[in-house]
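As structure tokens, the structure follows; a few thoughts come after it.
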Amino acid sequence: MHRRRYFFDKNEFLIDTTKGFLHIQGKDLSLGNMDTEKQTLTIEGLINSFSYLDNKEKEQKESFLKRLFK
């Protein structure tokens with residue numbers, strides 16, 4: 001079983017999905033609800049953009065978020 005990874009702060013989320021990493025940017029973002037059985041996630045706040053990352057972008061974002069959450 002593949003464990004999903006989520007990294008976030010109040011301005012961005014990086015979510016490991018079955019389609020790749022999804023990058024969400026916005027303002028005052030927060031994790032509203034997460035259901036691991038249904039594999040659903042609710043994000044609250046103002047969402048300005050969302051996009052899937054390619055491998056290079058994914059590595060850069062993961063590195064940034066790992067430093068952020070040390």
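The values are calculated or read from the model by the stated rules, or taken from the named source; none is laboratory data. Here the structure is a predicted model, which means the values were calculated and not measured. Every residue, glycine among them, receives a Cβ derived from its backbone with ideal geometry; neighbour counts consider all protein chains shown. Quick note on the areas: whole protein, heavy atoms, side chains included, nothing else; ligands and nucleic acids left out. Shrake-Rupley method; radii C 1.70, N 1.55, O 1.52, S 1.80 Å.
Numbers below:
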| read-out | value |
| --- | --- |
| Solvent-accessible area of Tyr6 with every protein chain in place, 1.4 Å probe, in Å² to the nearest 10 | 80 Å² |
| Distance in nm between pseudo-label sites at Asn33 and Thr17 (7 Å out along the Cβ direction from Cα) | 1.9 nm |
| Cα→Cβ-extended label distance, 7 Å offset, between Asn48 and Gln25, nm | 0.6 nm |
